[in-house]
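Everything below concerns the one structure shown next.
Rule-based calculations on the coordinates, nothing more; no lab input. Remember, predicted model here, so these are calculated numbers, not experimental data. Quick reminder, even Gly has a Cβ in these numbers, built from the backbone with ideal geometry, and neighbours come from all protein chains shown.
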Amino acid sequence: MVSKAEKSQVTGLFNLYCEAYGEDPSDRIHALKQAALRENGITDDSRKLLQEMAKLRQDMQKNQRKDELHVENRNMRQE
């Protein structure tokens with residue numbers, strides 16, 4: 001995970017870079033997002049699948065936390 005300090009530093013430097021070249025930072029970020037979607041073949045038709053994948057990932061993470069708590073509780077009882 002990226003720290004808030006690093007995100008802030010990168011954002012500031014990126015904004016300065018864009019300004020130095022006469023570009024609007026938000027327009028530049030939009031262009032980067034468009035390029036990433038295009039490179040990965042993501043279109044509006046992908047939305048439903050991506051939503052399902054995001055929900056599955058959330059469910060997996062929730063279940064993983066439950067499993068970790070279960071193991072932690074079991075370990076505490078064994079002590």
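Whether a residue is acidic (D, E) and surrounded by 10 or more Cβ atoms within 10 Å (Cβ to Cβ) was assessed, and E39 does not pass this test.
The single condition among (1) over 30 Å from N15 (Cβ atoms); (2) surrounded by 10 or more Cβ atoms within 10 Å (Cβ to Cβ) that R47 does not meet is (1).
Whether a residue is under 20 Å from the mean Cα position of the chain (by Cα), without any contact (Cβ under 8 Å) to a residue 12 or more places away in the chain and not in a loop (DSSP other than H, G, I, E, B) was assessed, and L69 does not pass this test. The set of residues in segment 9-44 being of a type in the set (D, E, K, R) and not in a helix (DSSP H, G or I) consists of E23, D24.
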